[in-house]
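Reading through the structure tokens given below for one structure.
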Amino acid sequence: MPFQSQGVAKYYFMAAIALFAGQILFGLIMGLQYVWGDFLFPAIPFNVARMVHTNLLIVWLLFGFMGGAYYLIPEESETELYSTKLAMLLFWVFLIAGALTIVGYLAVPYATLAKYTGNDLLETMGREFLEQPLITKVGIVIVALGFLFNITMTVLKGRKTAISTVLLLGLWGLAVFFLFSFYNPVNVVEDKFFWWWTVHLWVEGVWELILGALLAFVLIKVTGVDREVIEKWLYVIITLTLVTGVIGTGHHYFWIGTPEYWQWWGSIFSALEPIPFFAMTVFAFNMVNRRRREHPNRAATLWALGTGVMAFLGAGVWGFLHTLAPVNYYTHGTQITAAHGHMAFYGAYAMVVLCMISYAMPIMRGRAANSNKAQVLEMWSFWLMTIAMVFITLFLTAAGILQVWLQRVSDTPLPFMVVQDKISLFYWMREWTGVVFLIGLVLYILSFFVKGEEQAKAA
Amino acid sequence: MSTESLALPATTGTAPPERRLAGDLAIWVFICAELLAFAVFFVAYGVARARHVDMFNTGQLTLDRNAGALNTVLLITGSWFVVQAVARLRGGDPGGSAGRLLLALACGGGFLVVKVFEYKAKFALGISLSTDTFYMFYISLTFFHLMHVLLGMVILALLWNSLRRGPGPTTLSSLESGAAYWHMVDLVWIILFPLVYVMR
Amino acid sequence: MSGAFTKSMARNIFYGGTVFFFLLFLALSFDTHQALPKRDHRAEITPQIAHGKKLVEVNNCIGCHTLMGEGAYFAPELGNAIARLGGREGIKGFIKSRPAEGIPGRRSMPQFNFSDDDLEAIAAYLEHVNKIDDANWPPNIQG
């Protein structure tokens, strides 16, 4: 590890993995509730489990992004972090705030939580993914500003590279678009309109800049390909991302009361959204094929290639499947959406964070790469989790197609709950595949504790 | 396209030197993306028109073909000046090149003026994106294109500025890139105008 | 084929392209805001409807249901629930009658113990949502 202060990333990565485990646990609870309706009812109703599942995802990815940035920025800037103390302070603030929020979700009814956390002052709660109490939202903003201050100052005092610029842009964009979560007009159409300015412009906008920057960084390190080559392709790919993705927001404006021209604009531009993901996959494979060194960390290379492929499949292909308005008319808000969401988040964001962890963690622990034994175990976990996710997506897609047919397309549409009963087989298969995913995750965590002969020492 | 270009540096040595791509590869990727977006938009127009032929034919009659034709002439003339600007710079005459860019900018400006009058007349009738599918496409396509004309003009203005301050080693490549972009804007209009204003 | 491919050109195109498409997005959003009042019936929003929206939010209804297709996919669509359950009385009756301990083996909505005023507000809000012109979505009454 070239710079001492990069070490703070270790805490962020450990927190990310712990919260990831929590997310999967609650995912399994929800999966069971799908087929065994009164499981844990009324102690943990589905809505609470789901809130914990999705919020843990967001928070662990944010921990991953921040850890990634703390590791990447000093190395790119060739200087120590502006303030290691601030980074550690914010780590604890964010972890404690996040933990308290989750405890709040589980311990008291949501309405009570809203009442005691100032939701009456400014009503922001109860909207999908933005369920956090007002004080948590404010906390997120404070942590984000402190974090951005820290890394921006680091970049300003050191070398400025394309990778660090793109990462900064992505992270600043993340903070700026989060501000729309504070805007909740009483008019539900406007509410939904701007809700997407946080949600869509995050995951199909600025987060992709973060994804691109983290991936480019790892590719430079593991392949030894010239920075100039990687950075110019990074720019080309993120250009395509934003060219298609920003207007692509329109694919959420089909059926929420917004004017009908969005059906055309949204369909046209989001139909092009797979292109940047495809370019990213081709880019990752090309760079690895043209590698100038054999980096001992093969697991990190595997994650880098995997994130390209899975992001393309999950976000690109599964997104395209239901993004055209005439198709989306029938698939909107069904298990098809859930299928796409799972693979896209895993492929694009979970995997890029795991890729960054895979590359950086051994170095922070004093070696260029883990022992062969540990890497083999990590690669097993890669395949188990990834294949499990592919099958979760396939089962949900099958459930979704049946749901769409029985509930919306057929001549005698059946009620929602009747349809849910009829497709429960696929929910069972999804749940068992979820168990396989959990096994993959357990192996992943175990791989950190596997010893074995030491690989080459870090430079 | 990505695969081929990614393999570029390895094959550079063997490629015949005369097959040079004018301008920067990055602008060509961008141009391809833009052309693809327009192409999908045009296909969507065709699909929508096939479903509402009468609506599209009626709507088309209300469009100002003269303004459209004038704008076609303006854009083609602008492109011609841009070609001249590249030729002059290649011939070692940056001053003349900058002058041609100004003339091209004037053509772009003329396009904007004509377009503003055309829109004003339509908006005065209360026509908007939500009027019907035909006007939705008319406004969307022409406005999307208009923004490209504006972007093209910003690029030409920046190039003019760099020529005025004295050309450097990369100026020719930049000018070629900007010219390619401007020709793309022109090309799209040459498809858009007959498609939306004329073809029945 | 050979030619230049420079990082500075790629960077300039990134900035230019991003600003361009963001401005275009803002222009479309501006037009949307001009067009919305005709579709969202905002003039009809009463304090009661506003209260209903708040109740739907602070009880995290979209943690199970979808509202105009957005939310969770565990329970039926709310946007047209007023029509599906037979008007305000149907909605109120359904919410009121949920057993506190759930239904053995099946999914059940929690018992929220709403007051009559709250129930009325929720029903009024759902009635308002049902009127929003959302391009004839959902395809049928089943949501």
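Which net charge results when you count Lys and Arg as +1 and Asp and Glu as -1 among the other residues whose beta-carbon is under 9 Å from that of A:TYR34?
+1
Under 13 Å between alpha carbons, and skipping anything fewer than 8 positions from C:LYS7 in its own chain: which aspartates and glutamates qualify?
Hits, sequence-local ones excluded: A:ASP226, A:GLU228, A:GLU231, B:ASP24.
Can you put A:HIS252, A:HIS53 in order, fewest other beta carbons within 10 Å first?
Ranking A:HIS252, A:HIS53 by Cβ neighbours within 10 Å, fewest first, gives A:HIS53, A:HIS252.
At a temperature of 20 °C and a viscosity of 1.002 mPa s, determine how fast chain B diffuses translationally according to Stokes-Einstein, using the Kirkwood radius over alpha-carbon pairs as Rh; express D in µm²/s, rounded to the nearest whole number. Provide the component values of the computation, followed by the final result.
On the way: Rh = 18.5 Å.
Rounded to a whole number, D works out at 116 µm²/s.
If I model a spin label at B:MET55 and A:VAL436 as a point 7 Å from the Cα along the Cα→Cβ vector, what separation in nanometres do I get?
4.7 nm
Contour minus end-to-end for C:ASN136 and C:GLN111, with contour as 0.36 nm per residue of separation and end-to-end as the Cα-Cα distance?
5.9 nm
At a 10 Å Cβ-Cβ cut-off, how would you order C:LYS131, A:LYS232, fewest neighbours first?
Going from least to most buried by this count: C:LYS131, A:LYS232.
For C:LYS96 and A:VAL93, FRET efficiency with R0 = 45 Å and r from the beta-carbon atoms, rounded to 0.05?
Approximately 0.60, to the nearest 0.05.
Hey, what do the phi angles of segment A:336-341 turn into as Karplus ³J(HN,Hα) couplings, whole Hz, using 6.51/-1.76/1.60 and θ = phi - 60°, x for Gly and Pro?
4, 4, 4, 4, 4, x
Given a 10 angstrom Cα cut-off, can you work out which residue in B:GLY166, B:GLY78, B:GLY110 is the most mobile in a GNM of chain B?
It is B:GLY166.
For segment C:54-69, in order, what is each residue's ³J(HN,Hα) by Karplus, 6.51 cos²θ - 1.76 cosθ + 1.60 with θ = phi - 60°, in whole Hz (x at glycine and Pro)?
Whole-Hz 3J(HN,Hα) from phi for segment C:54-69: 4, 5, 4, 6, 6, 9, 6, 4, 6, x, 10, 8, 9, 10, 6, x.
Nearest 0.05, what FRET efficiency do B:LEU195 and B:ARG20 give at R0 = 41 Å with Cβ-Cβ as r?
Step by step, r from the Cβ atoms, then E = 0.80.
Separation between the A:VAL418 and B:ALA106 pseudo-spin-labels, each 7 Å from Cα along Cα→Cβ, expressed in nm?
Taking the two extended label points, one gets 7.4 nm.
So what is the diffusion coefficient of the protein assembly as shown in µm² per second by Stokes-Einstein at 10 °C and 1.306 mPa s, using a Kirkwood Rh over Cα pairs?
Here the translational diffusion coefficient equals 56 µm²/s.
Let me check the size of chain A from its C-alpha atoms; what are the radius of gyration and Dmax in Å?
Expressed in Å, the Cα Rg and Dmax of chain A come to 21.7, 68.
Spelling out what I want: for every residue of segment A:375-384, take phi, set θ = phi - 60°, compute 6.51 cos²θ - 1.76 cosθ + 1.60 (Karplus), and round to whole Hz; glycine and proline get x.
5, 4, 5, 5, 5, 4, 5, 4, 5, 4
Lysines within cross-link reach of C:LYS38: Cα-Cα under 22 Å, excluding same-chain residues under 8 positions apart?
Within the straight-line limit of under 22 Å, C:LYS38 reaches these lysines: A:LYS192, B:LYS122, C:LYS53, C:LYS131.
Please list, in chain and number order, the residues 5+ apart from A:ASP38 or on another chain whose amide H is under 5 Å from its amide H, with Hs placed from the backbone.
It is C:GLY105, C:ARG106, by chain and number.
Could you work out [θ]222 nm for chain A from helices alone, using -39500 (n - 2.57) per DSSP H run of at least four and dividing by all its residues? Round to the nearest 500 deg cm²/dmol.
Helix-only estimate at 222 nm: -23500 deg cm²/dmol.
What is the order of B:THR170, A:THR198, fewest Cβ neighbours within 10 Å to most?
Going from sparsest to densest Cβ surroundings: B:THR170, A:THR198.
Å³ per residue of the Cα convex hull, for segment A:39-198?
Measuring per residue, one finds 116 Å³ for the Cα hull of segment A:39-198.
Between B:ARG90 and A:GLU80, what FRET efficiency comes out of the Förster formula 1/(1 + (r/R0)^6) with R0 = 35 Å and r the beta carbon distance, rounded to 0.05?
For A:GLU80 and B:ARG90, the calculated efficiency is 0.10.
Excluding residues fewer than 8 places away in the same chain, name every one of the aspartates and glutamates whose C-alpha is closer than 18 Å to that of C:LYS92.
Straight-line reach from C:LYS92, under 18 Å: C:GLU57, C:GLU77, C:ASP116, C:ASP117, C:ASP118, C:GLU120, C:GLU127.
Any idea what log10 I(q)/I(0) is at q = 0.13, 0.24 Å⁻¹ for segment A:319-363, Debye with uniform C-alpha scatterers and no solvent?
-0.42, -0.78
Name the residues of segment A:344-373 whose amide N is less than 20 Å from a point 7 angstrom out from the Cα of A:LYS451 along the C-beta direction?
A:362-373
Longer than 27 Å from Cα to Cα, which of A:LYS157/A:LYS451; A:LYS137/C:LYS96; A:LYS10/A:LYS157; A:LYS10/A:LYS373 are they? Say none if no pair is.
Over 27 Å Cα-Cα: A:LYS157/A:LYS451; A:LYS137/C:LYS96.
Distance between the C-alpha centers of segment C:65-143 and segment B:63-103? Whole Å please.
62 Å
Values in this text are rule-based calculations from the coordinates and carry no lab data. This is a predicted model, so every value here is computed, not measured. Heads up, the Cβs are rebuilt from the backbone with ideal geometry, glycines too, and the neighbour counts pull from every protein chain shown.
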